[in-house]
1. Which ones in the stretch 150-177 are surrounded by fewer than 23 Cβ atoms within 10 Å (Cβ to Cβ), in contact with a strand residue (DSSP E or B) (Cβ under 7 Å, 6 or more places away or on another chain) and either part of a strand (DSSP E or B) or of a type in the set (D, E, K, R) (or both)?
2. Of everything in the stretch 119-155, what is at pLDDT 85 or above and in contact with a helix residue (DSSP H, G or I) (Cβ under 8 Å, 6 or more places away or on another chain)? Give them in sequence order.
3. Return the pair list, or none, for Cβ contacts closer than 9 Å from residues in the stretch 65-84 that are more than 11 Å from TYR230 (Cβ to Cβ) and hydrophobic (A, V, I, L, M, F, W, C) to residues that are in a helix (DSSP H, G or I) and modelled with pLDDT of 75 or more, at least 6 apart or on different chains.
4. Considering only the stretch 100-110, state which residues are closer than 18 Å to ASP60 by Cβ and either outside any helix (DSSP H, G or I) or among the β-branched types (Val, Ile, Thr) (or both).
5. Count, please, the residues in the stretch 197-226 that happen to be at pLDDT 80 or above and under 25 Å from LEU135 (Cβ atoms).
6. Hey, among the residues in the stretch 138-163 that are of a type in the set (Val, Ile, Thr) and within 14 Å of SER195 (Cα to Cα), which one's nearest to the chain's Cα centre (by Cα)?
7. With the requirement that a residue be out of contact with any helix residue (DSSP H, G or I) (no Cβ under 9 Å at 6 or more places or on another chain) and among the basic types (Lys, Arg), what does the stretch 156-178 give you?
Amino acid sequence: MAGKEAGGMIGARSSTTRGQGGFTLLELSIVMGIAAAVIVAIWTASAAVQFNLEVDNASDDLNQIVINVRALYAAQNTSALPIPGAPDFSGPPTQTTLIGDNIFPTSMLKQSVTPPTEAYNPWSETPGGTAMVALSKTATFPTLPQFVVRFTNIPAAACAALLVRDSLPGNATGLTQINITATPSGLGPPPVAVSFIFNPPALLGLPITPIIATDTACPGTGTFTIDWYYNLGST
């Protein structure tokens, strides 16, 4: 009897102890859970860093384009330029000409193409993620020589972040209007464009708040085209 009890105790003990160099199922599940949590945290942090980097690069590119366009036309009588009432991105000047005039930062050009014929925004992995510039006027300011910078196929979250960032007073010198258009999905009614029109030099309505940018300008999870209108002068 005593032998049977002893044998039972030994069997019970052996079923709850780990093997040499091994883990119990409970310990293994805890380790796997911790590892999964660490992987998710790293992925989330990496995605956030990548997102901020793309927005930073796009904002820097936009500001540099504005500086370069104004420098190009600084010595010209802008009031005499044949500026259309709506942007014509086929030109004149053509995008190839503007690239040759160093309007776009080199980081926006694909060096594998010689000579470059298109400029790309940080979301160029999205088909059509391009950057373009055109001279234009708007109905709100029909006599004011302006130019338009267009970024296409911007993800919704980045679209909202860019609107907030580049409508800040320090980045919005000479900004007269912003148009945002959702990229057609082929489903449902055509997307409705949203426009923000500002009154220079006071720039009424700036900066655009995060709530307006997210809920009104760039809602949902699609992609958007942004047109920034600037004076050819600095004010």
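The values are calculated or read from the model by the stated rules, or taken from the named source; none is laboratory data. These numbers come from a predicted model, not from an experiment. Neighbour counts run over all protein chains shown; Cβ positions are idealised from the backbone, glycine included.
1. ARG150, THR152, ASN153, PRO155, LEU175, THR176, GLN177
2. ALA119, TYR120, ASN121, PRO122, TRP123, ALA131, MET132, VAL133, PHE147, VAL149, PHE151, ILE154
3. From the stretch 65-84, the pairs are LEU72/LEU98; LEU81/TYR73.
4. Those that are closer than 18 Å to ASP60 by Cβ and either outside any helix (DSSP H, G or I) or among the β-branched types (Val, Ile, Thr) (or both): ASN102, ILE103, PHE104, PRO105, THR106, LEU109.
5. Going through the stretch 197-226 one residue at a time, the tally reaches 5.
6. VAL148
7. Selection gives nothing.
Residue-wise test of (1) surrounded by 11 or more Cβ atoms within 10 Å (Cβ to Cβ); (2) closer than 27 Å to ALA158 by Cα; (3) at pLDDT 85 or above.
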| position | (1), (2), (3) |
| --- | --- |
| SER46 | no, yes, no |
| VAL49 | no, yes, no |
| ASN63 | yes, yes, yes |
| ALA75 | no, no, no |
| PRO84 | yes, no, no |
| GLY100 | yes, no, yes |
| SER107 | yes, yes, yes |
| PRO115 | no, no, no |
